[in-house]
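Peer 1: Take this structure first; my questions come after.
The values are calculated or read from the model by the stated rules, or taken from the named source; none is laboratory data. None of the values given here were measured: they were computed from a predicted structure. Here the Cβ positions follow ideal geometry from the backbone for every residue, glycine too, while neighbour counts run over all protein chains shown. Ligands, DNA and RNA are excluded from the accessible area calculation, which covers all protein heavy atoms including side chains. Shrake-Rupley method; radii C 1.70, N 1.55, O 1.52, S 1.80 Å.
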Amino acid sequence: PRVPLLRALFFILLSAAVVTGSAIGVWRYYRHNKWERQHSPAYSLTTIVQAPREALNPGYLEELFDLSVDQPTNCYAFDTEAARRKLAALPVVHEGSVSVKVLPPHTVYVKYLLRTPVAYLGNFSNTLLDAEGFSFPAEPFFTPKRLPEFYLDLKDEDGFAKAANIAERLGAQGVRVKRIDLSQMHAACCGTREIVFAVDY
């Protein structure tokens, strides 16, 4: 049977009102619930969990992420992308290895890969080198380590590879290298050119 036009319009308007009202109600409930969570002390971040075996000092990460006991950060207000960028910018961290997640209600889960030091760069204080020859600060990221010191000719792009090769060859013979100095290997005066290394037998 055909429905009169006025009755059909009434049902259409009624249906639209019900759908719109329900959507507005759900939206307002969501906004209210979100506001309550973002302002509730029950969702304050109190813990940082780190994945790597050799991890950064938790206090350093708290400072890096602007987390404070006196002014707690709500887990739903914490910017994980900003935290990821800050962590990835540290010279001791492999940039592409970083991820930061929030595990409600109290935890920040951090995963990253620290550079592994193989030697101190003796040309500068507080400086380490990894296996790729990348330099980065020792403190406050690492405790003192028993590693060889490399003094390099900084104009020689292959200087690190040469020092690492010497250390590897001596290490294969059971010799612990304390210091390798290649800083004068390319000296202008032939009489002052030298390679110096100190070892423990």
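Peer 1: Condition check: in a helix (DSSP H, G or I), within 30 Å of VAL108 (Cα to Cα) and at pLDDT below 75. Does LYS34 satisfy that?
Peer 2: Answer is yes for this residue.
Peer 1: Does ALA119 fit the bill of being part of a strand (DSSP E or B) and open to solvent by less than 30 Å² (accessible area, probe 1.4 Å)?
Peer 2: yes
Peer 1: Output the number of residues of the stretch 47-56 satisfying the condition of being at pLDDT 90 or above and out of contact with any helix residue (DSSP H, G or I) (no Cβ under 8 Å at 6 or more places or on another chain).
Peer 2: Here the count works out to 3.
Peer 1: Among the residues of the stretch 62-90, which ones are assigned to a loop (DSSP other than H, G, I, E, B), loosely packed, with under 13 Cβ neighbours inside 10 Å and at pLDDT 90 or above?
Peer 2: Selection gives ALA89 alone.
Peer 1: Give ASP158, ASP181 a once-over and let me know the one that is surrounded by 12 or more Cβ atoms within 10 Å (Cβ to Cβ) and in contact (Cβ under 8 Å) with a residue 40 or more places away in the chain.
Peer 2: Matching residue, one of ASP158, ASP181: ASP181.
Peer 1: Also, I was wondering about something else. Out of (1) open to solvent by less than 60 Å² (accessible area, probe 1.4 Å); (2) at pLDDT below 95; (3) under 22 Å from ALA198 (Cβ atoms), what's the single condition that is false for LEU129?
Peer 2: Exception for LEU129: condition (2).
Peer 1: Going by what's in this entry, would VAL108 be described as outside any loop (DSSP other than H, G, I, E, B), in contact (Cβ under 8 Å) with a residue 12 or more places away in the chain, open to solvent by less than 30 Å² (accessible area, probe 1.4 Å) and not hydroxyl-bearing (Ser, Thr, Tyr)?
Peer 2: yes
Peer 1: Answer with yes or no whether LEU103 is closer than 21 Å to THR116 by Cα and either open to solvent by 50 Å² or more (accessible area, probe 1.4 Å) or of a type in the set (A, V, I, L, M, F, W, C) (or both).
Peer 2: no
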